[in-house]
Amino acid sequence: MTTRRDADGRKIAVGRRKRTDPPPGPPPVAATAPVVSIPTTTVGSTSVLVNATTDQPAICSVEYGPSSDPTGGPYSFTSPAEPVAGVTHGILVNGLTASTGYRGRIKAVHGFGLIGYSPERTWTTSAVSAIQGCGSQVTGGSGFSVVTIPPTESALRSQLESSGNRIIRFNAAGTIVITGSGTTDDWGPVPSYICPSGNNVTLDGSTAPGSGVTIIGTLYFEQLSNWIITQLRIRDADTNGGGQDDCITAWSGCHGMVFDHLSLSGANDGSLDISGNPNLPGNYDISVQWCMLGPQIVGREGHVSLTAKNAHRVTYHHNLFYEGDVRHPQSGDLDYPDQLASNILSTDVRCNLVWAPQQGLYGVEACANTRINAVKNYIRLLPGGRTNVNRHVRTETGGRMYASGNYSADATSDTSPETTMSEIDPGPGYRVTEEATALLAAQAVLAGAGCLVGGRDGTDQTKINAITAVGL
């Protein structure tokens, strides 16, 4: 018994309060290291996507090295760790060498600091991707002299505006800013562009040291043949504020063109447009492969890629179209319906990843009398994003489509075209090697699309990280 004094100074008894302990909880669970599943790999020429699961939330990275590293480690390299813990993991490793054997494993760390490892996997990177699709017979400057230039506008302009018959490479990394003429036309300020001339040319950024070459401006091709443009970044085509600027334009009369492993974003109009004057011969025998085609300047038209005005036999395969408004791609121009025979293939669209279309009503579209094969394309909206993308593949105004194996990851939009047709075979030697499913194709795109010289740059890697964080 204890006492205390009241307000008048008198002592009063105070009973001791009985302590009440909380009810006993469950016994503590002993922390255990994460258990990691056997990894699967999706291999590109310079990267690999490693997927696995863990039995509890963990942050994972990939320990890896060449085949000469000891079995079971230690390994020569470790990839950056994932930003957040989870139980499903997809880790992209860049900067590998083509046609090379590697071994590695996943390292998983959970909140208690305990570490688990997956079984080791081996893989061999593929050769630098061969040209496939309707441009597969293009040879570019193969067999002609190699010209090596510095990454400057004057050197690039001089070589591209010459007579052709060459391979153009770079002796240093750098950014080339194309300057405009300062003049205007009906569209507004004339774009800052280089208009190449001559045939039988390869513009090759793959051998540039360090981080490779970025071009700020537009490459504008017209009435050219047998060109390969590979392993470059072309950004911010609207450098002078208002013209109808694409990162790349292939205008009337181009045939035998290959656009390979390019990273294109920041245009005023389209990342890559294959179009022209409807009264001139259309472009044909073109492949767009393993490219990242990104969003345009905020507030501008937000197109991604268009084939129109009698363009035909154009293949898009293993590309990432991301966060554009429309044209992922679009075949046909409503103002200029195609005049080609009904058995001619306009566009072959296979094994592409269309991520988070922003404003438009469709993903892949055939219109204006064009004919598309759309096969094994993986299309994904994001929660909270645009909700009126009512058809992931669409036909209108005379367009027809063969659709097979396309996948709507959000399960809210239709992957069946309104007007169908039988598949138009591009012919022996022009077909694309396909993955078994749209999901596997999308994983291959994440592993290998875009310019990979020196690894993906910050623009591309930020987008790849965002996609892998959400998951396919």
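The values are calculated or read from the model by the stated rules, or taken from the named source; none is laboratory data. Note that the structure is a prediction, hence the values are computed from the model and not measured. Cβ: placed from backbone, ideal geometry, glycine included. Neighbour counts: every protein chain shown.
Conditions tested, residue by residue: (1) more than 22 Å from Leu446 (Cα to Cα); (2) out of contact with any strand residue (DSSP E or B) (no Cβ under 9 Å at 6 or more places or on another chain); (3) at pLDDT 85 or above; (4) not assigned by TED's automatic domain parsing to the domain that holds Gly44.
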| site | (1), (2), (3), (4) |
| --- | --- |
| Leu272 | no, no, yes, yes |
| Asp285 | yes, no, yes, yes |
| Ile297 | yes, yes, no, yes |
| Glu301 | yes, no, no, yes |
| Ser305 | no, no, no, yes |
| Asn319 | no, no, yes, yes |
| Tyr322 | no, no, yes, yes |
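Each residue in segment 436-467 was checked for being buried (at least 19 other Cβ atoms within 10 Å of the Cβ) and either under 18 Å from Asn51 (Cβ atoms) or without any contact (Cβ under 8 Å) to a residue 60 or more places away in the chain (or both), and 12 of them qualify. Taken together, the residues in segment 69-83 that are within 21 Å of the chain's Cα centre (by Cα) and hydroxyl-bearing (Ser, Thr, Tyr) amount to 1. Where strands (runs of 3 or more DSSP E) fall entirely within segment 300-354, those with at least 2 residues that are crowded, with 21+ Cβ neighbours inside 10 Å and of a type in the set (D, E, K, R) are at 347-350. Scanning segment 64-77 for residues that are crowded, with 19+ Cβ neighbours inside 10 Å and part of a strand (DSSP E or B) gives a single hit, Tyr64.
Return the total of residues in segment 251-276 being in a strand (DSSP E or B), over 18 Å from the mean Cα position of the chain (by Cα) and buried (at least 24 other Cβ atoms within 10 Å of the Cβ). Selection size over segment 251-276: 2.
In the set Ser99, Ser61, which member is under 30 Å from His261 (Cβ atoms), in contact (Cβ under 8 Å) with a residue 12 or more places away in the chain, part of a loop (DSSP other than H, G, I, E, B) and within 24 Å of the chain's Cα centre (by Cα)? Of Ser99, Ser61, the one residue that is under 30 Å from His261 (Cβ atoms), in contact (Cβ under 8 Å) with a residue 12 or more places away in the chain, part of a loop (DSSP other than H, G, I, E, B) and within 24 Å of the chain's Cα centre (by Cα) is Ser99. Can Gly133 be described as in contact with a strand residue (DSSP E or B) (Cβ under 6 Å, 6 or more places away or on another chain) and either outside the structural domain of Arg456 (by TED's automatic domain parsing) or over 30 Å from Cys254 (Cβ atoms) (or both)? When the stated conditions are applied, Gly133 passes them.
Of all residues in segment 154-200, those being at pLDDT 85 or above and either touching a helix residue (DSSP H, G or I) at 6+ places or on another chain (Cβ under 8 Å) or part of a loop (DSSP other than H, G, I, E, B) (or both) number 16.
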